[in-house]
Amino acid sequence: MTPGTTVTPHGLHHVTAIAGDPQRNVDFYTTVLGLRLVKRTVNFDAPEVHHLYYGDEAGRPATILTFFPWPGVEPGRQGAGLTTATAFGVPPESLGWWQTHLAALGVDADTPRTRDASSGAEEVLTLRDPDGLVIDLVAAPGDTRSGWDGAGDVPAEHAVRGLHAVTLSEADLEPTQRMLTDLGMAHTGDDGARSRFRTTGDTATVVDVLGGVDGHGVQAGGTVHHIAFRVADRATQQQWRTELVARGLEVTEILDRQYFTSIYFREPGGVLFEIATDEPGFTVDEPLLELGRALKLPPWLEPDRATIEANLPALRDRG
């Protein structure tokens, strides 16, 4: 690739991970983290598996964490070639509350720590979900988003604001650094093996890259499947695709994901990247107040609804 893209990502759109038991996943992310279950659908490529979306009240881009929950999935292994941490922003004064909240629920979490970053020190609390997925809660003083407090388990003043950052782990740092720069992200500094990049936008703009990671990761339960960057619309997405293909990357066709359209490609270390549109959003097939309550299928899967529903585990929404 050569530098000089005419388009740049406007922050993170969502992160998608792999889980095991779907009910356990719903209970954790709605009750423990206080996110809203904004969409119950299926993996369009494997409709016998749920695809669950969590976010703020409306599932706005840059707040979304999604899961493919495969009952009985084998645990994955963190390592090179994977996204090994997903960070959410929380109010700076809330980390102590979160530490107490997580301890009371018996969640596997570390003591809050100070981590050096290119923009200064940041306070981080790291926890792991029931499948072992690594989640960082980062004190984010500039994040003015309201988050979601509809579940009642997390007060509004402490609620998760939305995505903040992702961490990529790589055996060789330089090729990934070069691609991120070529994609229009600004390299804002290094802290030891951690190299920080920022996209344009106001929130969810940080991509950290850890270099020199030993051992290749295994993508399975408790690992991230892919990360998605956001663009405004399909026209911008098509421009992205044209430029990426011209630079020699293998890029999928534009795929209809019902709530956004997507293209996919891999960075040099193997992490799967997606470019997703902000539109049309999650209210395209159900009203805001009813998000996440019913199983929603795209038109091409509706004829198979009875079979699909019979093959899916029943879910009880606690959000």
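Annotation note: GluC sites (Glu not before Pro) in the stretch 238-271 located in DSSP loop regions with a Cβ neighbour count of at most 12 within 10 Å are GLU250, GLU253. Take the Cα of ASP191, go 7 Å toward its beta carbon, and the backbone nitrogen atoms of the stretch 8-45 under 20 Å from that spot belong to 12. Across the stretch 221-237, coupling constants 3J(HN,Hα) worked out from phi with the 6.51/-1.76/1.60 Karplus curve, θ = phi - 60°, read x, x, 10, 7, 7, 7, 10, 10, 9, 9, 9, 5, 8, 5, 4, 5, 4 Hz, and Gly and Pro carry x. Sparsely packed loop sites in the stretch 68-145 (the GluC sites (Glu not before Pro) outside DSSP H, G, I, E and B with at most 16 other Cβ atoms within 10 Å) do not occur. Per-atom-type breakdown for the chain gives carbon and sulfur 50% of the accessible area (1.4 Å probe, protein chains only). Taking all protein chains as shown and a probe of 1.4 angstrom, ARG247 keeps an accessible surface of around 50 Å². Using a Förster distance of 25 angstrom, determine the FRET efficiency expected from the C-beta separation of GLU253 and LEU295, and round it to 0.05. Step by step, r from the Cβ atoms, then E = 0.40.
Computed over protein heavy atoms with a 1.4 Å probe, the accessible surface of the chain works out to 40 Å² per residue. Secondary structure note: in the chain, about 70% of the DSSP beta bridges are antiparallel.
Stretching ARG128 away from ALA310 to a fully extended chain increases their span by 62.4 nm, per 0.36 nm per residue minus the current alpha-carbon distance.
Only helices enter this figure: runs of n ≥ 4 DSSP H residues, each worth -39500 (n - 2.57), summed and divided by the residues of the chain, yield -4000 deg cm²/dmol at 222 nm to the nearest 500.
Considering only DSSP beta bridges whose two residues both sit in the stretch 194-319, what percent are antiparallel, to the nearest 5? That works out to approximately 70 percent antiparallel.
Measuring only protein heavy atoms, the 1.4 Å probe finds ILE227 accessible over about 0 Å². Here the simple spin-label model places points 7 Å from the Cα toward Cβ, and for LEU105 and ASP45 these points are separated by 3.0 nm. Around the amide H of ASP143, modelled in the peptide plane, lies no amide H under 5 Å away from a residue 5 or more places distant or on another chain.
The values are calculated or read from the model by the stated rules, or taken from the named source; none is laboratory data. The shown structure was predicted, so the numbers you read here are calculated from the model rather than taken from an experiment. Reconstructed Cβ throughout: ideal geometry from the backbone, glycine too, with neighbour counts over all protein chains shown. Calculation scope for accessible area: heavy atoms of the full protein, side chains included, ligands and nucleic acids excluded. Shrake-Rupley method; radii C 1.70, N 1.55, O 1.52, S 1.80 Å.
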